[in-house]
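J.: Once you've had a glance at the structure underneath, I'll fire off some questions.
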Amino acid sequence: MPAEKPARPSAAGGFLIASGVLGGAILGFAAGQPTIGLLIGLTIGIGVSIALWLRDRG
């Protein structure tokens, strides 16, 4: 009976989203636009998380 290959653990993208939100809010606060910074950080974090998911999937 052949041994099954153990499943590779998936990468977590939640940290990337959270760090994007926090980093964007901090940079936005420094620039005087915390909400816009937060939204830009959220967008970047989601984009990187999707890229990581696609890479992990294939």
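The values are calculated or read from the model by the stated rules, or taken from the named source; none is laboratory data. From a predicted model like this one, the values you see are computed outputs, not experimental measurements. Neighbour counts are summed over all protein chains in view; Cβ atoms, including those assigned to glycine, are modelled from backbone coordinates with ideal geometry. Remember, those area values only see protein heavy atoms, side chains included, never the ligands or the DNA or RNA. Shrake-Rupley method; radii C 1.70, N 1.55, O 1.52, S 1.80 Å.
Conditions tested, residue by residue: (1) modelled with pLDDT under 95; (2) outside any helix (DSSP H, G or I); (3) surrounded by 14 or more Cβ atoms within 10 Å (Cβ to Cβ).
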position: S10; (1), (2), (3): yes, yes, no
position: G24; (1), (2), (3): no, no, yes
position: L27; (1), (2), (3): no, no, yes
position: G47; (1), (2), (3): no, no, no
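J.: So which residues in the range 32-41 are hydrophobic (A, V, I, L, M, F, W, C) and open to solvent by less than 60 Å² (accessible area, probe 1.4 Å), if there are any at all?
T.: Step one: of the range 32-41, the residues hydrophobic (A, V, I, L, M, F, W, C) are 36, 38-40.
Selection gives nothing.
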